[in-house]
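Everything on this sheet refers to the single structure shown next.
The values are calculated or read from the model by the stated rules, or taken from the named source; none is laboratory data. These numbers come from a predicted model, not from an experiment. Reconstructed Cβ throughout: ideal geometry from the backbone, glycine too, with neighbour counts over all protein chains shown. Remember, those area values only see protein heavy atoms, side chains included, never the ligands or the DNA or RNA. Shrake-Rupley method; radii C 1.70, N 1.55, O 1.52, S 1.80 Å.
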Amino acid sequence: MLHNERPYLCNFLGTIYENSSRQALINILKQDGNAKLCWVSAREQWQPQETNESLKNYQDALLQSDLTLCPVGVNTECYRIYEACSYGSVPVVEDIMTAGSCGNTSVNHNAPLQLLKSMDAPFIFIKNWNELPAILEKEKTLMLQEKIQRRKMLLHWYQHFKTELKMRFTNILENSFLMNNKG
């Protein structure tokens with residue numbers, strides 16, 4: 001659906017943890033009536049294994065949505081961000097630090113999500129889900145051609161991102177292991 005109108009403004013399929021920003025996200029979607037424009041499927045308990053049906057629903061949601069809402073969970077960064085990229089659905093990423101040691105903002109002001117920011121990820125970063133209604137209102141005004149261009153740019157960026165990470169990883173392995181064995 002690269003060149004077609006997508007039926008949903010956004011999507012979120014996931015577990016809602018009590019007193020979390022995910023709960024705040026769902027409440028905001030309900031308040032503004034945007035839940036009707038978005039593919040939302042929430043559950044109360046995390047499921048370690050997806051069924052074929054739930055996987056298909058998730059993939060369809062990504063494919064049929066212009067934006068993918070990426071609230072933090074246990075960690076700031078999650079697979080949802082990258083899966084959205086692969087379907088051309090722009091990630092709306094909650095840019096806050098979760099508990100733990102995934103990044104240290106006192107050392108690096110780009111934490112969390114340092115790598116994505118350093119590689120100019122074409123995402124929408126937000127600090128609070130209260131920003132979402134304005135984002136969705138703007139989304140409603142975009143012409144199909146603008147959305148197509150944005151999808152192409154996202155897919156191109158994601159391909160470059162994967163290639164760059166593969167190169168970096170390969171260089172680290174070669175420099176760490178193969179160079180030490182020469183001579």
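Quick one: is Pro91 open to solvent by less than 60 Å² (accessible area, probe 1.4 Å), at pLDDT 90 or above and in contact with a strand residue (DSSP E or B) (Cβ under 6 Å, 6 or more places away or on another chain)?
Details: open to solvent by less than 60 Å² (accessible area, probe 1.4 Å): yes; at pLDDT 90 or above: yes; in contact with a strand residue (DSSP E or B) (Cβ under 6 Å, 6 or more places away or on another chain): yes.
Here the answer is yes, as Pro91 does meet what is asked.
For the range 58-65, state whether one or more residues are assigned to a strand (DSSP E or B), closer than 23 Å to Pro122 by Cα and in contact with a strand residue (DSSP E or B) (Cβ under 9 Å, 6 or more places away or on another chain). Step through it out loud before you land on a result.
We begin by selecting, within the range 58-65, every residue assigned to a strand (DSSP E or B); these are 65.
With the extra rule that they be closer than 23 Å to Pro122 by Cα, the set shrinks to 65.
Now drop any that are not in contact with a strand residue (DSSP E or B) (Cβ under 9 Å, 6 or more places away or on another chain), which leaves 65.
So far as the range 58-65 goes, yes, one or more of its residues are assigned to a strand (DSSP E or B), closer than 23 Å to Pro122 by Cα and in contact with a strand residue (DSSP E or B) (Cβ under 9 Å, 6 or more places away or on another chain).
Might you check whether a residue that is under 25 Å from Asn130 (Cβ atoms) and either open to solvent by 80 Å² or more (accessible area, probe 1.4 Å) or of a type outside the set (S, T, N, Q) (or both) occurs anywhere in the range 56-65?
If we filter the range 56-65 for residues that are under 25 Å from Asn130 (Cβ atoms), which is where we start, we get 61-62, 65.
Narrowing the set further to residues that are either open to solvent by 80 Å² or more (accessible area, probe 1.4 Å) or of a type outside the set (S, T, N, Q) (or both) leaves 61-62.
Among the residues of the range 56-65, at least one is under 25 Å from Asn130 (Cβ atoms) and either open to solvent by 80 Å² or more (accessible area, probe 1.4 Å) or of a type outside the set (S, T, N, Q) (or both), which makes the answer yes.
To keep it simple, each residue is scored yes or no on (1) modelled with pLDDT of 90 or more; (2) over 26 Å from Met1 (Cα atoms); (3) charged (D, E, K, R).
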position: Asn11; (1), (2), (3): yes, no, no
position: Ile16; (1), (2), (3): no, yes, no
position: Asn27; (1), (2), (3): yes, yes, no
position: Asp32; (1), (2), (3): no, yes, yes
position: Cys38; (1), (2), (3): yes, no, no
position: Ser54; (1), (2), (3): no, no, no
position: Asn57; (1), (2), (3): yes, no, no
position: Leu67; (1), (2), (3): yes, no, no
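Go through Leu144, Leu155, Leu132 for me and flag whichever is surrounded by 17 or more Cβ atoms within 10 Å (Cβ to Cβ) and either among the polar types (S, T, N, Q) or in contact (Cβ under 8 Å) with a residue 40 or more places away in the chain (or both). It would help to see each step written out before you state the result.
Numbers: Leu144 fails: surrounded by 17 or more Cβ atoms within 10 Å (Cβ to Cβ); Leu155 fails: surrounded by 17 or more Cβ atoms within 10 Å (Cβ to Cβ).
Within the list Leu144, Leu155, Leu132, the selection yields Leu132.
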